[in-house]
1. For the stretch 308-377, give me every one of the strands (runs of 3 or more DSSP E) that falls completely inside it and has 2 or more residues that are of a type in the set (D, E, K, R), in the same structural domain as ASP44 (by TED's automatic domain parsing) and surrounded by fewer than 19 Cβ atoms within 10 Å (Cβ to Cβ).
2. Out of all the residues in the stretch 124-144, which are over 11 Å from ALA156 (Cβ atoms), in contact (Cβ under 8 Å) with a residue 24 or more places away in the chain and of a type outside the set (S, T, N, Q)?
3. Surrounded by fewer than 17 Cβ atoms within 10 Å (Cβ to Cβ) and either in contact with a Pro (Cβ under 6 Å, 6 or more places away or on another chain) or closer than 19 Å to GLN65 by Cβ (or both): does that describe GLN271?
4. Select from the stretch 56-68 the residues that are polar (S, T, N, Q) and surrounded by 18 or more Cβ atoms within 10 Å (Cβ to Cβ) and write down the one among them that is nearest to LEU236 (Cα to Cα).
5. Based on what the data block shows, is PHE115 part of a helix (DSSP H, G or I), under 59 Å from the mean Cα position of the chain (by Cα) and aromatic (Phe, Trp, Tyr)?
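The values are calculated or read from the model by the stated rules, or taken from the named source; none is laboratory data. Treat the numbers as computed from the prediction; the structure is a model and nothing was measured. So basically every Cβ, Gly included, is an ideal-geometry build from the backbone, and we count neighbours across all protein chains shown.
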Amino acid sequence: MKSFNIYLIASLCAVLFVQACKSSPETDAVMEEEVDNGLIVVTDSQFVNAQFMEGQIEMKTFDDQLITTGLIDLPSKNKTIISAYMGGTVHKMDLAMGHAVKKGERLFTLTNPEFVTMQQEYLEIESQMAYLKAEVERQSALAEEQISAAKLLAKAKADLGLAQAKLAGLNKKLSLLGINTSQLTPTNLTSTIPFYAPVTGYVTGLDIINGGFLPAASSAIEITNPQELHIELLVLENEIHKVKESQKVHFYIRDNPEAIYQTTVHTIENQVNENRQIIVHCEMSGVSIKSLIPGMFVHGFIHLGQQQMASVPESAVTIIDGKSFILEKVEGQSGHQFKSRNVVVGELKDNYYPLIDKGELSENATILTKGAYYLLQ
């Protein structure tokens, strides 16, 4: 058996000082700890001087929780793709991935000589409309007096209808390009069309560069609005019956367990994936937190209600590298012998942790309820 001395840390100094005043010279602020076969052995005098305490697992009322994992996502309605109805060369683009944009902000311009051609055709047809309408009226008058053949009136009406259709089509195309035909004149024809942000958000997709050609209907920029984040939690099919809409959910990012966020169950999918899991959607309307980014993995706790659960005092649990440990007493020939047990605990309530998974901890175990931290650190 290997023996070595460990010193109590500062928080016990005051207690030991008082004890030293009452003890013999052999009892000082040094505690001897013996470790053998994975056991931690503390002598009776060390146990008393350090004011360690033992206790039992207690039953207390806690929120029943379903532990899950998942990720942060955004609904499709919060993602906007900017594309062009006609191709062109990109200019005046000064964006990068993650760049914040506001609704109405100019994103880039697109240049194409065809834009001028369309505007020219529109003005040409528009200028003919007065003549075509007058011709229909003239042929109608002549037809009534039986001076002109009926086929001439029919042709005049056909020419007018064809021109009206072409004009309406060009008007629609130019409107899609952002050109107001009511203000179009021969002096303000343009070959360059500006594109503006339709929503406020962040650039999450960028498929264009200055000087590059953007084909028609191709994606140029994706803008994401993070105002309606939601969480997708994975629940096993044999536990999905416990989950109901509107239940509260707490979650944290895998790399930052100290920051706890709250949401609620919004919808439950009605299909099972290849891993026998069902996706539970939790909505976070109006929430925009920079530290929450779509694609991040999360750990979630779905609150199912209240129930009696085995629990231990906060002082009995020592957290090391994200794992929780409890010291269980093992009967020995002398002193106090303890074995470290890895457990899973739930959310702390009134200074008690619920035991979600006891691991190898015995059902009626006697545990070290005060002082475990100093023996495990």
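1. Correct list: 323-330, 336-345.
2. Of everything in the stretch 124-144, those that are over 11 Å from ALA156 (Cβ atoms), in contact (Cβ under 8 Å) with a residue 24 or more places away in the chain and of a type outside the set (S, T, N, Q) turn out to be ILE125, GLU126, MET129.
3. No: the conditions fail for GLN271.
4. The residue in question is THR68.
5. Taking the combined requirement at face value, the residue satisfies it.
Residues checked against (1) charged (D, E, K, R); (2) free of Cβ contacts under 8 Å to residues at least 24 places away in the same chain:
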{"site": "GLY161", "(1), (2)": "no, yes"}
{"site": "LEU167", "(1), (2)": "no, no"}
{"site": "ILE208", "(1), (2)": "no, no"}
{"site": "LYS248", "(1), (2)": "yes, no"}
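Residues checked against (1) at pLDDT 80 or above; (2) surrounded by fewer than 14 Cβ atoms within 10 Å (Cβ to Cβ); (3) outside the structural domain of PRO313 (by TED's automatic domain parsing); (4) not in a helix (DSSP H, G or I):
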site	(1), (2), (3), (4)
LEU12	no, no, no, no
SER24	no, yes, no, yes
GLU32	no, no, no, yes
VAL41	yes, no, no, yes
VAL48	yes, yes, no, no
GLU54	yes, no, no, yes
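Conditions (1) assigned by TED's automatic domain parsing to the domain that holds SER127; (2) hydrophobic (A, V, I, L, M, F, W, C); (3) farther than 20 Å from GLU121 by Cα; (4) in a loop (DSSP other than H, G, I, E, B), marked per residue:
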position	(1), (2), (3), (4)
LEU167	yes, yes, no, no
LYS173	yes, no, no, no
VAL203	no, yes, yes, no
ALA216	no, yes, yes, yes
HIS241	no, no, yes, no
VAL249	no, yes, yes, no
